[in-house]
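**Q** Mind having a look at this structure? Questions to follow.
The values are calculated or read from the model by the stated rules, or taken from the named source; none is laboratory data. What you see is a predicted model; the values in this text were computed from it and never measured. When the accessible area is computed, the model is the full protein with side chains, heavy atoms only, and any ligands, DNA or RNA have been set aside. Shrake-Rupley method; radii C 1.70, N 1.55, O 1.52, S 1.80 Å.
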Amino acid sequence: MSVINSTLASSLPSGGIGEISSYFKVTNHLQLVLPISIFLIGYVVGPILCGPLSEHFGRKPVMIVSFSLYTAFTLGCALAPNWPALLVFRWLCGVMASAPIAV
């Protein structure tokens, strides 16, 4: 279930990019792809962290912590006050969402 959630979360903002751009008042079309791109960059960085941690601490603790942090960072995305905060939270979501793939 976590794997499906993490892969689905990478592309979910694409359906609401119009609403996101109007809420954050982003008009540059090059910036509109950033929420998805930043998530995927985090998706690349995450296994570098989560893979060795699962070897050291075990799979279950890494999965529980990463999913808890993923949930918290998703809430951060929902409550982001500005565009840079949204991008940072999306990157952190990508890092944590990659744990099921790495583990």
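**Q** Report relative contact order for the chain in percent, whole number only (criteria: Cα-Cα under 8 Å, sequence separation at least 6).
**A** 42 percent
**Q** Right, here's the next one. Grab the alpha carbons of the chain, take their convex hull, and tell me the volume per residue in Å³.
**A** It is 80 Å³ per residue.
**Q** Residue by residue through the stretch 72-86, which ³J(HN,Hα) values in whole Hz follow from phi under the Karplus form 6.51 cos²θ - 1.76 cosθ + 1.60 (θ = phi - 60°), with glycine and proline marked x?
**A** 5, 6, 5, 5, x, 4, 5, 9, 4, x, 8, 4, x, 5, 4
**Q** Taking only protein heavy atoms and a 1.4 Å probe, what accessible area per residue, in Å², does the stretch 16-79 have with all protein chains in place?
**A** For the stretch 16-79, the per-residue accessible area is 67 Å².
**Q** Another question, if that's okay. Any chance you could give the angle, 0 to 90 degrees and rounded to 10, that helix 34-57 forms with the longest Cα principal axis of the chain?
**A** Its long axis makes an angle of about 10 degrees.
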